[in-house]
Amino acid sequence: MVVVGVSVCALYWWRAGGSETLQQLLTPRFQVVSIDFSEQRMVLRQSNRTYTVNCDDACRDFAVGRSYRAMDRGSDLEIRVGGQRIRCPIIKIEVRFDVRPGGVG
């Protein structure tokens, strides 16, 4: 009986916006590395990826060294800042691979 009650509560929570809450908690954080206000561009880093994006007038909403939750939406990076979602067009993505000495052969 308890299992059924917990299941019903979980389903209700999920439908009432719980899925979005869970997605926000699991969304990776991106750290702002630099902001070029004259070019209206920003560089963000997430693990082994570095993103260069156009931030237009939204550049002022970000701070170097701070981390923000963001989702890679293909051609845009959707960044959550100040309770809103800002879509910044991606200019360039750099992927860094860790190379260890030695190798095969």
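Quick one: length gained pulling Asp36 to Asp76 fully straight, 0.36 nm per residue minus the C-alpha distance?
12.6 nm
For region 25-95, report the convex hull volume of the alpha-carbon atoms normalised per residue, in Å³, without decimals.
82
If you put +1 on each Lys and Arg Cβ and -1 on each Asp and Glu Cβ, how big is the dipole of region 25-95 around its Cα centre, in Debye rounded to 20?
The calculated dipole for region 25-95 is roughly 300 debye.
Only loop residues by DSSP count here, and only those with at most 14 other Cβ atoms within 10 Å; note down the chymotrypsin sites (Phe, Trp or Tyr not before Pro) in region 47-105 that meet that.
Phe97
Every number here is computed from the coordinates shown, using simple stated rules; none is lab data. Because the structure is predicted, anything quoted here is derived from the model rather than measured. With ideal geometry, Cβ positions are generated from the backbone for all residues, glycine too; neighbour counts draw on all protein chains shown.
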